[in-house]
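Down below is the structure, laid out as structure tokens.
The values are calculated or read from the model by the stated rules, or taken from the named source; none is laboratory data. This structure is a prediction, so every number in the text was calculated from the model and none was measured. FYI the Cβ positions are ideal-geometry reconstructions off the backbone, even for glycines, and counts take in every protein chain you see. Side chains included, ligands, DNA and RNA excluded: accessible areas come from the protein's heavy atoms. Shrake-Rupley method; radii C 1.70, N 1.55, O 1.52, S 1.80 Å.
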Amino acid sequence: VKLMLLDCMTSIMCSSCLLCAAFFGSLGSSFLYGYNLSVVNAPALYIKAFYNKTWIERYGEPISTETVTLLWSVTVSIFSIGGLFGALSATLIIKVLGRKGTLLLNNSFAVIAAVLLSLGEMSRSFEMLIIGRLIMGVDSGIALSALPMYLGEISPKHFRGMIGQFNSILICLGVFTGQVLGMPELLGQESTWIYLFSFLALPAMLQLCVLPFLPESPRYLLMERRDEAGAEKAFQRFLGKKDVSQELEEVHMEARAQDKLHTVSVLQLLKSPAVRWQLITVIITMACYQLCGLNAIWYYTNGILREAGFTESILPYITLSTGAIETLAAIISGLVIERIGRKPLLIFGFFSMAVFFSLLTVFLNFQDRVSWMPYLSYVCILAVIASFCSGPGGIPFILTGELFEQSYRPAAFMIAGTVNWLSNFAVGLLFPFIQETLQSFSFLVFVAVCILGSIYLYVVLPETKNKTFMDISQSFAKINKMPIPSPAQDATKMQTSL
């Protein structure tokens, strides 16, 4: 274990530029996404009270229970709608501004959202809160497309998975930060809850201060901007060495194979038989990412803790353990992904979730009969969270970038993002009805999703670690029934023609 950690850290520290790009790129992007998943939980009662106060000032009567519930539901769910808009618009913005340029522009959405959310109470406008959440959703939708693409293209193939996991690690860290800042001793009070939303501007401003001084994706510069000198300088800075001829040749070989292909549209991607199974794999993996049940697990957490005898005053502190487990599991996954591989971590994560969801179902049904059973239920919840973050929590984004070559990648991320946000919305919409019908057996639905996802990945998904994008495309050639000439054959043809 020491040798593995030393090898990982020594290799990744070879280029501070690469590390800075991964961290600050994720800080202003995926961190904000994770933060927004948890930040609305702590001030929920205060926000509802603000809605009631504003309603009385406007209409002279208290707001009805149904109306405040509707407004709160819209405030929470509109984040996913914004995410869908962001995912749909990301491809066009990336095509015009590039990967880094899109991330920089995206910070403007975060700053605007922070201003609206912070000034909503002062302006006596709950509409500002709702619009702020919508804009923050747009920011997250764009970020979850542009960031994984950027991280995958700036990384050498031997560390592409590790760098890609910065996306997942910062999502988990964002969730944990939202939980910590929402504590009553910090910003989770009636007089300070607006500062929870003001905090959104800080990571965005930090990224704006650092990212302009880091290079654009060298693959984007070479293949889409035809800027070989810029690509060479970018590779040199990211890899920390002067001789990057091997990396440039790898990109050139992919460019020659796609010389007659411009960036394809979503419709062209859907029609292309050459990437059919890559697309199916990304859709299934991204759907499982949302439908595996992690979002639903929060529904039971506080109830299980109350059954275990924990008082209301200490529940927020116990709940912090979930965010800590998330972050720790994501970090460990990032350290071992290049040793173990993407496929084993994904299958292990989904299968482990199925096992612990099954155990949780059993424990929940015996919770009223055995006094210590709630403790086992809570252990299962922590195990489900750790299993998710060990692979399924981040690798789907890495795979979306790895399974497609340059011309297909933007359209692939649009489709993956659409599936991600629609699935997220579906879980939020349908789980309350599933839970009402099946009660504690509702987790068996997620057991089925996790098992089916594991089986599909075992049968179809090839391992992608240490492979070039061309090599990965070759891995799908047989199942797509579309033979693709190898890069070596392309190079031979090129030399022959010359």
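Tabulated data
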| item | result |
| --- | --- |
| Relative contact order of the chain, defined on C-alpha pairs under 8 angstrom at six or more residues apart (%) | 22 percent |
| Structure-based [θ]222 nm, the chain - -39500 (n - 2.57) summed over DSSP H runs of at least 4, per residue, nearest 500 | -25000 deg cm²/dmol |
| Cleavage-rule hits, chymotrypsin sites (Phe, Trp or Tyr not before Pro), segment 73-123, DSSP coil, Cβ neighbours within 10 Å at most 15 | none |
| In segment 339-419, trypsin sites (Lys or Arg not before Pro) in a DSSP loop with at most 16 other beta-carbon atoms within 10 Å | ARG369 |
| Whole-Hz couplings from phi, Karplus 6.51/-1.76/1.60, listed for segment 139-151; x for Gly and Pro | 4, 5, x, 5, 4, 6, 9, 6, 5, x, 5, 5, 5 |
| Per-peptide average of other Cβ atoms within 10 Å, ordering 386-396, 277-287 highest first | 386-396, 277-287 |
| Sites MET122 and LYS481, calculated FRET efficiency, Cβ-Cβ separation with R0 60 Å, nearest 0.05 | 0.45 |
| Label-point separation in nm, ASN466 to GLU61, each point 7 Å along Cα→Cβ | 7.2 nm |
| Packing-based ranking, highest mean first, of 100-108, 117-125 given that Cβ atoms within 10 Å are counted | 100-108, 117-125 |
| Over 27 Å (Cα to Cα) - which of LYS343/LYS481; LYS157/LYS343; LYS100/LYS478; LYS343/LYS478; LYS95/LYS467 fall in this group | LYS100/LYS478 |
| Span from the segment 152-224 Cα centroid across to the segment 334-354 one, whole angstrom | 23 Å |
| Residues in segment 94-131 reached by a label modelled at VAL74 [backbone nitrogen below 17 Å; 7 Å Cα→Cβ] | 117, 120-121, 124-131 |
| Solvent-accessible area per residue, Å², over the chain with all protein chains present [probe radius 1.4 Å] | 42 Å² |
| Accessible surface of the chain, 1.4 Å probe, proportion on carbon and sulfur as whole % | 69 percent |
| Cα→Cβ-extended label distance, 7 Å offset, between ILE332 and ILE318, nm | 2.3 nm |
| Helix 65-119 vs. the chain, principal-axis angle (Cα, 0 to 90°, nearest 10) | 20 degrees |
